[in-house]
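Notes for the one structure printed next.
The values are calculated or read from the model by the stated rules, or taken from the named source; none is laboratory data. Keep in mind that this is a model prediction, so the values were computed, not measured. Positions of Cβ are generated from backbone atoms using ideal geometry, with glycine treated the same way; all protein chains shown enter the neighbour counts. Note: areas computed on protein heavy atoms with side chains; ligands, DNA, RNA excluded. Shrake-Rupley method; radii C 1.70, N 1.55, O 1.52, S 1.80 Å.
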Amino acid sequence: MNHELKVNMNEYLPLRDVVFNTLRQAILKGELEPGERLMEIQLADRLGVSRTPIREAIRKLELEGLVLMIPRKGAEVAKISEKNLRDVLEVRRSLDELAIELAIDRMTDEDIKELEKAMEAFRNAVKTGDAMTIAECDEAYHEVIYNGTNNSRLVQILNNLREQMYRYRLEYIKDSDMRQILVVEHEQILKAVKNRRVEEAKTAIREHIDNQEITVAKNIKGQQ
């Protein structure tokens, strides 16, 4: 573990949540690498906290699929696996199709303007070339569609899935050749939403997710 971990203290959050967010970000950004052991004492020393919030954070990270508990070895950062990618994307593909169908029926003109703004922000992020910024703007774009469903339970499920998707999304965005394709795919989705064309939008969403699966699966195989 060569990276220096820093705790960003937030006066509104309990220490356990601050520690959880710090470790989570370190895993997502690759500062804690796949397969790396998570030693409670070492992490507590590095973050300047007791072992209790570290233990709680590791337990939560395991629930998110970011940490794996190995019998007689302890916790380690979960590897990015093709099986996990496919499992998550199978669910996301169906839920995104449902979301786009509901959103087209329920989004107001104001909501569509917000989606156009999110599209512009995404275009600008791609120009910067910063993977984390692109990933955040990609999330923000899809969030407008999710919120447009006006279904809080669906939004909650999709947000949970989004957490599990974050590492795969970053892996996808790291491939600079795919960034312009992402822009085109987002534009196709926006156009279908604006024209209230459900089948066109669902096809665009399917292709968007299929391309992600193909590219990330190829990257995972290349790393093995």
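So the values come out like this:
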{"read-out": "Sequence-separation-based contact order of the stretch 90-224, relative, with Cα cut under 8 Å and 6+ spacing, percent", "value": "35"}
{"read-out": "Out-of-range pairs (alpha-carbon distance over 26 Å; input K117/K202; K117/K174; K83/K191; K73/K174; K83/K174; K29/K218)", "value": "K83/K191; K73/K174"}
{"read-out": "Probe 1.4 Å - accessible area at K83, Å² to nearest ten", "value": "130"}
{"read-out": "Extended-chain gain in nm, criterion 0.36 nm per residue less alpha-carbon gap, T203 and E82", "value": "41.2 nm"}
{"read-out": "Expected 222 nm ellipticity per residue - DSSP helices of 4 or more, -39500 (n - 2.57), all of the chain, to 500", "value": "-24500 deg cm²/dmol"}
{"read-out": "Hydrodynamic radius (Kirkwood) for the chain, which is based on Cα pairs only, to one decimal in Å", "value": "18.8"}
{"read-out": "Local net charge near F122, Cβ-Cβ under 12 Å (Lys/Arg +1, Asp/Glu -1)", "value": "-4"}
{"read-out": "Å² per residue, accessible surface of the chain at 1.4 Å", "value": "54"}
{"read-out": "R123 paired with D109, simple spin-label distance in nm, labels 7 Å along Cα-to-beta-carbon", "value": "2.2"}
{"read-out": "Surface share of carbon and sulfur [accessible, 1.4 angstrom probe, percent] for the stretch 29-73", "value": "51"}
{"read-out": "Simple spin-label estimate for E62 and Y12 in nanometres, 7 Å along Cα-Cβ", "value": "3.1"}
